[in-house]
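One structure is given below, encoded as structure tokens.
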Amino acid sequence: QAQLVESGGGLVQAGGSLRLSCAASGRTFSSYAMGWFRQAPGKEREFVAVFNWNAESTYYADSVKGRFTISRDNAKNTLYLQMNSLKPEDTAVYYCAADRSRAVLTAGQARYWGQGTQVTVSS
């Protein structure tokens with residue numbers, strides 16, 4: 001059974017940093033696109049970033065570009081999201097996702113999802 005488990009969330013002051021991890025198990029995701037989404041209270045889930053395996057390319061939402069960095073370690077089957085210069089509007093539950101198609105993933109229709117980790121940024 002494939003499983004994604006996020007960790008690293010917490011409470012941080014504005015301007016601070018956090019590093020989220022997504023540990024994958026049950027299968028190898030090295031050939032999958034993997035990414036991050038977030039959902040704030042009362043809002044729809046939104047795309048944050050994706051790592052596309054075949055081109056080793058990355059894509060980011062405009063709201064996080066220049067502040068967040070997505071990376072992956074295939075040997076550890078783990079995806080990361082380094083978040084710097086955090087803002088109160090970054091407060092949300094962050095979800096890890098994986099799918100064979102980057103387009104399907106970024107459309108929010110990924111096959112695999114984690115349970116989420118809470119990130120709270122205080123002003």
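Accessible surface calculations at 1.4 Å, restricted to protein heavy atoms, place the chain at 50 Å² per residue.
For the chain, averaging the sequence separation of C-alpha pairs within contact (under 8 Å, six or more residues apart) and dividing by the residue count gives a relative contact order of 36 percent.
Sorted on the mean count of surrounding Cβ atoms within 10 Å across their residues, most packed first, peptides 95-102, 58-65 read 95-102, 58-65. The peptide list 106-115, 43-52, put in order of mean Cβ contacts within 10 Å with the highest first, becomes 43-52, 106-115. In plain terms, the chain from Thr58 to Glu46 could stretch by 2.7 nm, reckoned as 0.36 nm per residue minus the Cα-Cα distance.
Of the listed peptides 74-80, 34-40, what is their order by residue-averaged count of other C-beta atoms within 10 Å, with the highest listed first?
34-40, 74-80
A Cβ-based charge dipole, computed about the Cα centre of the chain with Lys and Arg at +1 and Asp and Glu at -1, lands at about 160 debye.
Only helical runs count toward this figure. For the chain, summing -39,500 (n - 2.57) over DSSP H runs of n ≥ 4 and dividing by all residues gives -1000 deg cm²/dmol at 222 nm.
To put it simply, the accessible area of the chain at a 1.4 Å probe is 45 percent carbon and sulfur.
The values are calculated or read from the model by the stated rules, or taken from the named source; none is laboratory data. These numbers come from a predicted model, not from an experiment. Don't worry about glycine lacking a Cβ; one is built from the backbone with ideal geometry, like all the others, and counts go over all protein chains shown. Surface accessibility is based on the protein's heavy atoms, side chains included, excluding ligands, DNA and RNA. Shrake-Rupley method; radii C 1.70, N 1.55, O 1.52, S 1.80 Å.
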